[in-house]
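Have a look at the structure below before the remarks.
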């Protein structure tokens, strides 16, 4: 287990959406590690949340644009000295394959799930606190209790596969962005650090790394030109206060 914690802050709406989807996919994955009724419900809730995010009409085109941008950026490195050509070719081939998968399917991502009456009924009730109780959705209760563990899990996996190409695109995009820049050491004077970003580099993600045993956490805010990191003392019962001493931390301004 790592002895550090990394805090991330996206600097544009596209990466913000990608991070939210990454979080939701991880929740579904965790729910699928078991097969209790509550885990099945968690998996359904996660899938429906993912479906809601994908209702943004332009999200599919945003994912495609990001893949095309990455392919263009990486292709420009082919003749650069010191580049592992095989690794680069393999990566470009993977990106091309994901892009083809997204472009060949003309329907909206997750459309088959939207058209599923069973899921639509659960989704309608999910907006109500406790609205998916057994007495509210007897068909849901039947599915949870009368189908086999294996059948339920297989069905959940099939529904998750509706997002397979989009998820692959998001995963590889975030991986390349995170790995594109290393961490450097900095000091936040009395808990405050401000940074101006270079105009010739499109920074997409800020990552702050601190020791796990720290009694503080960073609040990161900013835009495409500059950002600020404030280190706040954690207090479960009172409003957080900025620390009044210098803080050593590691920073990565990720651009790809």
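Set side by side, the residues 156, 137, 160, 119 differ, and just one is in contact with a helix residue (DSSP H, G or I) (Cβ under 8 Å, 6 or more places away or on another chain), in the same structural domain as residue 62 (by TED's automatic domain parsing) and more than 30 Å from residue 100 (Cβ to Cβ), which is 137. For region 58-77, indicate whether the set of residues that are outside any helix (DSSP H, G or I) and more than 20 Å from residue 12 (Cβ to Cβ) is non-empty. Yes, there is a match, as at least one residue in region 58-77 is outside any helix (DSSP H, G or I) and more than 20 Å from residue 12 (Cβ to Cβ). Here the condition is being surrounded by 15 or more Cβ atoms within 10 Å (Cβ to Cβ) and farther than 25 Å from residue 219 by Cα; of 11, 38, 32, it holds for 32 alone. Looking only at region 41-55, which residues are exposed (fewer than 14 other Cβ atoms within 10 Å of the Cβ) and in a loop (DSSP other than H, G, I, E, B)? Answer for region 41-55, where residues must be exposed (fewer than 14 other Cβ atoms within 10 Å of the Cβ) and in a loop (DSSP other than H, G, I, E, B): just 55.
Taken over region 223-249, the criterion of being touching a residue at least 40 places away in the same chain (Cβ under 8 Å) and part of a loop (DSSP other than H, G, I, E, B) is satisfied by 223, 224, 243, 244, 245, 246. Do we find a residue being within 27 Å of residue 197 (Cβ to Cβ), free of Cβ contacts under 8 Å to residues at least 12 places away in the same chain and within 18 Å of the chain's Cα centre (by Cα) anywhere in region 38-56? No: zero hits.
Within region 214-239, the set of residues being farther than 21 Å from residue 197 by Cβ and surrounded by 14 or more Cβ atoms within 10 Å (Cβ to Cβ) comprises 214, 216, 217, 232, 233.
Each row is one residue, and each column tells you yes or no for (1) under 17 Å from the mean Cα position of the chain (by Cα); (2) farther than 30 Å from residue 150 by Cα; (3) assigned by TED's automatic domain parsing to the domain that holds residue 210.
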{"residue": "4", "(1), (2), (3)": "no, yes, no"}
{"residue": "20", "(1), (2), (3)": "yes, no, no"}
{"residue": "34", "(1), (2), (3)": "no, no, no"}
{"residue": "58", "(1), (2), (3)": "no, yes, no"}
{"residue": "70", "(1), (2), (3)": "no, yes, no"}
{"residue": "77", "(1), (2), (3)": "no, yes, no"}
{"residue": "82", "(1), (2), (3)": "no, yes, no"}
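Among the conditions (1) in contact with a strand residue (DSSP E or B) (Cβ under 6 Å, 6 or more places away or on another chain); (2) surrounded by 20 or more Cβ atoms within 10 Å (Cβ to Cβ), residue 209 misses just one, which is (2). Restricting 183, 249, 216, 163 to those that are closer than 30 Å to residue 43 by Cβ and at pLDDT 95 or above reduces the list to 163.
Put simply, of 172, 109 the only residue that is crowded, with 17+ Cβ neighbours inside 10 Å, in contact with a helix residue (DSSP H, G or I) (Cβ under 8 Å, 6 or more places away or on another chain) and in a helix (DSSP H, G or I) is 172.
Total residues in region 91-106 satisfying the condition of being in a helix (DSSP H, G or I) and loosely packed, with under 11 Cβ neighbours inside 10 Å: the figure is 2. Here residue 192 meets each of (1) touching a strand residue (DSSP E or B) at 6+ places or on another chain (Cβ under 7 Å); (2) surrounded by 11 or more Cβ atoms within 10 Å (Cβ to Cβ); (3) in contact (Cβ under 8 Å) with a residue 60 or more places away in the chain with one exception, condition (3). Would you pick out the residues in region 119-153 that are assigned to a loop (DSSP other than H, G, I, E, B) and touching a residue at least 40 places away in the same chain (Cβ under 8 Å)? The answer is 132, and nothing else.
The values are calculated or read from the model by the stated rules, or taken from the named source; none is laboratory data. What you are looking at is a predicted structure, and each value in this text was computed from that prediction instead of being measured. Backbone-built Cβ (ideal geometry, glycine too); neighbour counts: all protein chains shown.
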